Amino acid sequence: MTTKQIDPLTDPRWDAYVRAHPRASVYHLGAWARILERSYGFRPRYLGLLRGDSLAGVLPLFRKKGLISDARMRSIPVFSYGGPLADDDGLERRLIEAARDLGDATSLSINTDDRRLEAPDGFELEELLPRWQFDIPDDLDALRASWRKTSRNLFRSLKKADAAGLEFRAAESPRDLRTFYRLYVRTMKKHRSLPRSFRQVRLAQELLGESFKLFVVSRDGRDIAASVYHVFGDTVEAVYNGREENALPLRPIHALEWNVIKWAAARGLRRVNLGGAEYDTPLARFKEQWGATPHTRFRLTHRADGKQTRTEALVSVGYGAESSESRLTDTAWRLIPPPLLRLGAYMAYRYA
């Protein structure tokens with residue numbers, strides 16, 4: 001059995017193995033090698049574990065090096081997903097050790113949702129932001145009726161969205177994607193977070209195929225909310241969303257989520273992932289009212305010399321893309337124009 005670097009874009013064995021694995025996610029697909037390289041310059045280092053000519057395990061991996069930061073290896077950057085997939089736990093450990101032994105960076109970080117995975121020597125284990133998920137029941141009418149008692153605020157919000165005459169659609173056109181991105185950047189600005197690049201979203205739509213979905217809510221011909229979802233296996237996952245702030249009283253996000261649930265159920269999907277949120281926050285409570293429960297994810301980190309990297313030192317004082325938030329003053333966040341925010345976000349993700 002041997003471990004070697006594989007080009008997942010030209011080797012059909014990669015995606016075939018991923019799609020057949022019970023713990024795989026959309027982020028294991030080979031398309032991300034091109035999406036993240038073209039979007040941010042991250043260098044793919046995808047590892048395959050071969051038994052003869054057949055794959056027995058895979059590990060998507062990227063190398064990133066900023067202007068002032070150390071070289072780092074991540075599985076995978078930008079998302080809290082990735083990590084090894086293999087035929088058994090021992091082979092997963094072997095892939096992690098092979099990534100460590102590449103010796104191509106000062107630190108290695110591997111995301112995983114596998115609680116059984118024992119960290120190899122020299123790795124630290126940390127808990128990541130939980131993802132909130134729920135199973136789609138067979139009877140959606142009964143589910144919505146039950147919210148009259150169990151989630152009264154949700155029930156009222158959906159009634160308000162119905163009364164507002166909101167329209168829902170699955171969207172595919174370049175114009176729809178630009179409209180989504182405009183709403184998304186404004187929403188990220190309000191929450192003082194750095195948006196992902198338009199190139200990343202555009203390439204994901206192009207290369208992920210049916211695993212990429214864009215949904216839009218409009219009123220009187222005006223788009224007021226939109227979200228990107230990923231579809232993989234039996235799950236639809238909320239990834240990015242944007243909305244017009246002055247339209248929030250109409251409850252467009254509630255309308256969007258409910259219609260995505262119906263869309264998913266009609267196609268035989270069985271689970272909704274509403275994305276991440278810290279425990280006991282307004283965002284977590286929004287997700288809980290739909291019946292979602294938290295699913296913890298983890299990160300394994302190995303440092304070549306056991307010391308904090310330069311990037312971690314920058315993040316600890318409030319700089320760098322890894323923090324996902326900026327420490328800019330209230331005034332700066334309020335005044336920064338969206339095009340400049342987009343440029344700053346790209347520079348942070350690419351070079352920090």
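The values are calculated or read from the model by the stated rules, or taken from the named source; none is laboratory data. Keep in mind it's a predicted model, so treat the numbers as computed, not measured. Counting neighbours? That spans all protein chains shown, and the Cβs are built from the backbone with ideal geometry, glycine included. Heavy atoms of the whole protein, side chains included, go into the accessibility calculation; ligands, DNA and RNA do not. Shrake-Rupley method; radii C 1.70, N 1.55, O 1.52, S 1.80 Å.
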Exercise. Within segment 185-200, can you find the residues that are open to solvent by less than 20 Å² (accessible area, probe 1.4 Å), under 20 Å from TYR351 (Cβ atoms) and in a helix (DSSP H, G or I)?
Worked result: VAL185, GLN200
Problem set entry | Residues of segment 162-184 classified as open to solvent by less than 70 Å² (accessible area, probe 1.4 Å) and acidic (Asp, Glu), total | 1
Seminar exercise, completed: Of (1) out of contact with any helix residue (DSSP H, G or I) (no Cβ under 9 Å at 6 or more places or on another chain); (2) more than 18 Å from ALA292 (Cβ to Cβ); (3) open to solvent by less than 30 Å² (accessible area, probe 1.4 Å); (4) aliphatic (A, V, I, L, M), LEU125 satisfies every one except (3)
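State all residues of segment 239-257 that are among the small types (Gly, Ala, Ser) and crowded, with 22+ Cβ neighbours inside 10 Å; if no residue qualifies, say none.
Correct list: GLY242, ALA255.
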Problem set entry | Which numbered condition ARG267 fails, given (1) farther than 22 Å from ARG19 by Cβ; (2) open to solvent by 10 Å² or more (accessible area, probe 1.4 Å); (3) not hydroxyl-bearing (Ser, Thr, Tyr) | (1)
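Which ones in segment 209-223 are of a type in the set (A, V, I, L, M, F, W, C) and out of contact with any Leu (no Cβ under 7 Å at 6 or more places or on another chain)?
Looking only at segment 209-223, we keep the residues that are of a type in the set (A, V, I, L, M, F, W, C), and these are 212, 214-217.
Matches in segment 209-223: PHE212, VAL216.
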For this session: Select the strands (runs of 3 or more DSSP E) contained entirely in segment 208-276, then report the ones holding at least 1 residues which are under 19 Å from PRO174 (Cβ atoms) and basic (Lys, Arg).
Result: 212-219, 222-232
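Confirm whether ARG152 is surrounded by 13 or more Cβ atoms within 10 Å (Cβ to Cβ) and on the phi < 0 side of the Ramachandran plot.
The answer is no for ARG152.
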For this session: Report whether or not SER75 is among the polar types (S, T, N, Q) and without any contact (Cβ under 8 Å) to a residue 60 or more places away in the chain.
Result: yes
